[in-house]
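Peer 1: Once you've had a glance at the structure underneath, I'll fire off some questions.
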Amino acid sequence: MSDKHRSYIKIGKQFADHSHVNHSKKEYSRGEAHSNTAESFSSLLKRARIGVFHYMSPAHLKRYLSEMEFRWENRVAENKTDRSGKLVTVMKPIPIIDMMVILIMRFSGYCLKRTPSWGIVDVAFNL
């Protein structure tokens with residue numbers, strides 16, 4: 001799903017099902033079609049760049065994006081009441097112990113090693 005920006009038209013043709021909304025015509029959702037998820041993920045990435053990473057090296061951009069994807073995929077919904085008394089759903093990170101268990105299970109058998117030129121490579125090994 002995307003908005004109707006012309007740069008997304010070509011990308012959308014690569015997918016079996018691509019829906020879009022037209023923000024220029026004040027259309028922000030149509031049924032299941034909206035761009036809120038992409039905008040929310042982009043916001044998470046921008047906040048991480050400003051608050052945690054400060055600088056994202058192009059050489060390691062895949063790693064930064066992988067971490068943000070991990071955080072995105074491992075959230076839990078929590079219902080809260082806002083100041084006006086309206087019930088809202090807020091996405092919260094999973095508890096740290098659960099996150100550690102997932103990380104250990106997912107990444108056992110991988111390590112990072114330095115190259116002779118002091119770069120970093122991912123290396124898979126069999127235990």
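Peer 1: Return the subset of K13/K113; K26/K46; K10/K113; K46/K86; K46/K80; K13/K62 for which the Cα-Cα distance in this structure is over 30 Å, preserving the input order. Could you put the intermediate results ahead of the total?
Peer 2: On the way: K13/K113 39 Å; K26/K46 25 Å; K10/K113 38 Å; K46/K86 28 Å; K46/K80 25 Å; K13/K62 24 Å.
Cα-Cα > 30 Å for K13/K113; K10/K113; rest within.
Peer 1: Roughly what angle does helix 36-48 make with the longest principal axis of the chain, taking Cα atoms, 0 to 90 degrees, to the nearest 10?
Peer 2: Compared with the principal axis, the helix lies near 40 degrees.
Peer 1: Nearest 10 degrees, 0 to 90: what angle lies between the long axis of helix 96-107 and the longest principal axis of the chain (Cα atoms)?
Peer 2: Value to nearest ten degrees: 60.
Peer 1: Here's something else I'd like to know. For a quick check: with amide H placed at 1.01 Å from N, whose amide H comes under 5 Å from H20's, ignoring anything fewer than 5 positions away on the same chain?
Peer 2: Those qualifying (amide H under 5 Å, at least 5 residues apart or on another chain) are S2.
Peer 1: How would the chain be classified by its alpha-carbon gyration tensor: rounded, prolate or oblate, with rounded meaning a/c under 1.5 and the a/b versus b/c comparison settling the rest? Don't skip to the answer; put the middle values down first.
Peer 2: On the way: a/c = 2.20, a/b = 1.42, b/c = 1.55.
Here the chain falls in the oblate category.
Peer 1: With a cap of 15 neighbouring Cβ atoms within 10 Å, and only residues DSSP puts in a loop, list the chymotrypsin sites (Phe, Trp or Tyr not before Pro) found in segment 40-127. Show your work: numbers first, answer last.
Peer 2: Numbers: sites: F41, F53, Y55, Y64, F70, W72, F107, Y110, W118, F125; in loops: Y55, W118, F125.
Those satisfying the criteria are Y55, W118, F125.
Peer 1: Next up: Among the trypsin sites (Lys or Arg not before Pro) within segment 83-127, which fall in a DSSP loop and have no more than 12 other Cβ atoms within 10 Å of their own Cβ?
Peer 2: Working: sites: R83, K86, R106, K113, R114; in loops: R83, K86.
Loop-located and lightly packed - R83, K86.
Peer 1: To the nearest 10 degrees, how steeply does helix 61-73 sit against the main Cα axis of the chain, on a 0 to 90 scale?
Peer 2: Relative to the chain, helix 61-73 is tipped by roughly 60 degrees.
Peer 1: If you find the alpha carbon centre of segment 89-127 and of segment 17-36, how far apart are they in angstrom?
Peer 2: 36 Å
Any read-out appearing in this document is the output of simple, stated calculations on the displayed coordinates, not a laboratory observation. Please read these numbers as outputs of a predicted model, since none were measured by experiment. Glycine gets a Cβ as well: all are built from the backbone with ideal geometry, and neighbour counts include every protein chain shown.
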